[in-house]
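Just below is one structure, and these are the notes that go with it.
The values are calculated or read from the model by the stated rules, or taken from the named source; none is laboratory data. Please read these numbers as outputs of a predicted model, since none were measured by experiment. Cβ coordinates were reconstructed from backbone atoms using ideal geometry, including for glycine residues, and neighbour counts include every protein chain displayed.
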Amino acid sequence: MIDRLLALSLSLALSSFALSFGCAAQAADNSDPGYVRCSGNDDDAINGAIADAVREHRGLIHLEGYCRMNGALAPPYVPGSLPVQQPVTLMGEGAAWNGYWKEAENASTVLDLRYDGKDGAHPAKIDTRGAGHLEITGLTLKSGGTDDLPFIQTTNTTVYIHDNAVIGNAAHKGLECAQDFLLLGSTGYVAHNVNMKRGSRTISVSIDGPRFTPKMVGWKIAIRKGSPLANDLLTTIAAYVSPTQVNLRDPAPGDITDAIAQWYGLGDDAHAPFQGYGSVIARNFYSHIRHGVVWGAYANGITVEDETYSNLSGAPGLHGAPYLFLDTPEGTVGNNIRGGTVEMSYYANLIDVEGNSPGNAFIGLGGYDGGVVGGVYFADSTMASHNSIVPGWFDPASPYVQTR
């Protein structure tokens, strides 16, 4: 309560001008332009409040009531190869929580995010791309539609996301869950049906797939078999030739058929890797969620602590887990997962490490009520000895560390 009063006092002190948010939502106090009282049709009000806060160099947006956004929430940024944005804090008046593992509906502030991504403009309901700071706290973040688009993707923004409830698509629970909460960096561009002869130094992709760009000079590219979660056949440096062709520094080690090529954008590209170092995700409550946090390329130095997953969440697969480290060409290092409670009814593991991820610390994360399951899974067995692991509560009959 003290923290909220201090934050509200800060918001009141930032500006004294009056601002009308229109008929859908209105300012609760003429001296506080960052305070939005929602009424269920609030795209213009919330995006307008964020834009005004950025322009006036104040950062606090205080949401009250049931807020609904049909479009994406995308903080404005200065575009370019090194995009930047002003700090923004989205603060509610209290998140829902339910230790009975029922629907967490008793919230003071709900932000219902209905953007479904069908227009292709944004990879997530909240799309933040500039180097800067985005804080989200005290909200129940809800996906009240019928889609499974991720809640948040950050590429260059350092995020502080704490003390919220997250309710995914309620039509799916347990092993049916297909919605992720936070993507730390994108999964990059993926082109399919890549074929190369032994010794070849050229890749050509379909005109119907993702395109190469002139920026691709000294660009890392991986050729893989099957899917992005697969062993590399060739990882090398590419140089742009045309929208459908690049030359490679290294030759194909053998004939490659029906493979995929994976690479990343840079700057404000939606397919850029992660650069929001120092991000913290803490004390959130999840239901109807597949993965709470997904680590992509360069997702290093992240702290996750004291999170709670209800038994309405879950992930399919032999090693489905609330925390997923993707197999990226760059790897992920220096991350910390500390404490937390995971109901294991529909998870096979607590943490799924699919790629090159050394130097991380997994300390005190507990799994409950799942029977004989696994703790931390390493697809690359050599990684098991290169991470610090201190088990939390876990079924003593279950192995806390598993390898392929």
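Could you check, for the range 56-77, whether at least one of its residues is out of contact with any helix residue (DSSP H, G or I) (no Cβ under 8 Å at 6 or more places or on another chain), over 21 Å from H122 (Cβ atoms) and modelled with pLDDT under 90?
Yes, because at least one residue in the range 56-77 is out of contact with any helix residue (DSSP H, G or I) (no Cβ under 8 Å at 6 or more places or on another chain), over 21 Å from H122 (Cβ atoms) and modelled with pLDDT under 90.
Might you check whether a residue that is at pLDDT 95 or above and of a type in the set (D, E, K, R) occurs anywhere in the range 340-353?
Checking the range 340-353: at least one residue is at pLDDT 95 or above and of a type in the set (D, E, K, R).
Where in the range 330-404 are the strands (runs of 3 or more DSSP E), entirely inside, with at least 1 residues that are touching a residue at least 40 places away in the same chain (Cβ under 8 Å) and under 30 Å from L234 (Cα atoms)? Give the steps one after another, and end with the answer.
On the way: elements: 336-338, 341-343, 351-353, 361-363, 366-368, 376-378, 388-390, 401-403.
Once the strands (runs of 3 or more DSSP E) in the range 330-404 are filtered for at least 1 residues that are touching a residue at least 40 places away in the same chain (Cβ under 8 Å) and under 30 Å from L234 (Cα atoms), what remains is 376-378, 401-403.
Residue check, F325 against (1) out of contact with any Pro (no Cβ under 8 Å at 6 or more places or on another chain); (2) over 23 Å from N169 (Cα atoms), all met but one. Which one?
(2)
For the range 260-293, which residues satisfy the criterion of being at pLDDT 95 or above, among the hydroxyl-bearing types (S, T, Y) and more than 13 Å from the chain's Cα centre (by Cα)?
Selection gives Y277, Y286, S287.
Provide a single number: the residues in the range 361-396 that are within 12 Å of G339 (Cα to Cα) and buried (at least 21 other Cβ atoms within 10 Å of the Cβ).
Counting residues in the range 361-396 that are within 12 Å of G339 (Cα to Cα) and buried (at least 21 other Cβ atoms within 10 Å of the Cβ) gives 3.
For the range 178-204, what are the residues that are closer than 18 Å to D327 by Cβ, out of contact with any Pro (no Cβ under 7 Å at 6 or more places or on another chain) and part of a loop (DSSP other than H, G, I, E, B)? Break it down into steps so the answer makes sense when it comes.
Taking the range 178-204 first, the residues closer than 18 Å to D327 by Cβ are 180, 183-192, 194.
This time we only want the ones that are out of contact with any Pro (no Cβ under 7 Å at 6 or more places or on another chain), so: 184, 188, 192, 194.
Within the range 178-204, just G188 meets the criteria.
Tell me which strands (runs of 3 or more DSSP E) are completely within the range 210-285 and hold 3 or more residues being under 30 Å from E307 (Cβ atoms), or say none if there are none.
Working: elements: 217-224, 232-242, 245-248, 256-263, 280-282.
Of the strands (runs of 3 or more DSSP E) lying wholly inside the range 210-285, those with at least 3 residues that are under 30 Å from E307 (Cβ atoms) span 280-282.
Quick one: in the range 294-324, which of the residues that are surrounded by 24 or more Cβ atoms within 10 Å (Cβ to Cβ) and modelled with pLDDT under 95 is nearest to V353 (Cα to Cα)?
Among those residues, the one meeting the criterion is G296.
Does the range 10-30 contain any residue that is modelled with pLDDT of 90 or more and touching a strand residue (DSSP E or B) at 6+ places or on another chain (Cβ under 6 Å)?
No.
Each row is one residue, and each column tells you yes or no for (1) under 27 Å from R114 (Cα atoms); (2) in contact (Cβ under 8 Å) with a residue 24 or more places away in the chain; (3) surrounded by fewer than 20 Cβ atoms within 10 Å (Cβ to Cβ); (4) not aliphatic (A, V, I, L, M).
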residue: G144; (1), (2), (3), (4): yes, yes, yes, yes
residue: P150; (1), (2), (3), (4): yes, yes, no, yes
residue: G168; (1), (2), (3), (4): yes, yes, no, yes
residue: R198; (1), (2), (3), (4): no, yes, yes, yes
residue: T213; (1), (2), (3), (4): no, yes, yes, yes
residue: A222; (1), (2), (3), (4): no, yes, no, no
